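The values are calculated or read from the model by the stated rules, or taken from the named source; none is laboratory data. Just so it is clear, the model here is predicted, and its values are computed rather than measured. Note that we place each Cβ from the backbone using ideal geometry, even for glycine, and neighbour counts take in every protein chain shown. Please note that ligands, DNA and RNA were not included when accessible areas were found on the heavy atoms of the full protein model with its side chains. Shrake-Rupley method; radii C 1.70, N 1.55, O 1.52, S 1.80 Å.
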Amino acid sequence: KARKRLPVVRAAFGLTEDDIDIAFQRLGELTTSTGQASLVHGDLYPGNVLIKENETLIACDPKGLVGDKHFDAAMWCVKADCGRKFTHWQSLFVESGYDSVRIESWARILAIHDGIAYVFGKKKPWNVDAMLEIARGSNPQ
C-alpha cells in the first residue's frame with residue numbers, strides 16, 4: 001500500500017527515486033540482518049518520556065515489542081527536537097554502543113513513513129523540513 005503512495009509523496013516533497021530506493025534497500029537489509037533482538041519500546045519519542053522530580057526519565061506507553069534496539073534510537077533521533085538535532089542525538093547513542101548506520105537506516109524509513117502519513121492526512125510530522133533532510137540522508141545537525 002505504501003509503495004503505491006510513494007509517487008505522490010515524492011512529488012510533494014521533492015524526493016528522488018534514489019531516496020526511496022535507498023530506504024527500501026535499507027529496510028530489506030535491516031529486516032534480514034542478524035541484529036541482536038532486544039525489548040523495544042516501539043514508540044520512543046519525547047512525548048512518551050516522563051521526567052520525575054529527581055530528573056529520572058521514565059518511558060511510558062510502551063508497545064513492548066522484541067526487535068532491533070536501533071529502531072527506538074532512530075525514532076528518538078527523528079522526533080527529539082523536531083528532528084533538527086538528529087546528529088547530536090545519534091552521536092549519544094553511538095557513544096553508548098549503538099551502530100550509526102543502523103540508526104540512520106531506520107531514521108530514513110521513519111522519515112518517509114511520516115511523509116506518507118502527512119501527505120495522506122493521517123498526521124503532521126513535527127518538522128517537515130527536518131524529516132525530508134533525514135529521508136534524503138542529509139541529517140540535520
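Per-structure values
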| quantity | calculated |
| --- | --- |
| Failed item in (1) more than 15 Å from H113 (Cβ to Cβ); (2) open to solvent by less than 70 Å² (accessible area, probe 1.4 Å); (3) within 17 Å of the chain's Cα centre (by Cα), with G64 passing the rest | (3) |
| The listed residue being among the hydrophobic types (A, V, I, L, M, F, W, C) and at pLDDT below 85, out of V8, V49 | V8 |
| T87, sole failed condition from (1) outside any loop (DSSP other than H, G, I, E, B); (2) of a type in the set (S, T, N, Q); (3) at pLDDT below 75 | (3) |
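Results for (1) modelled with pLDDT under 85; (2) open to solvent by 50 Å² or more (accessible area, probe 1.4 Å), shown as yes or no for each residue.
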| position | (1), (2) |
| --- | --- |
| D43 | no, no |
| D81 | yes, yes |
| P125 | yes, no |
| D129 | yes, yes |
| R136 | yes, yes |
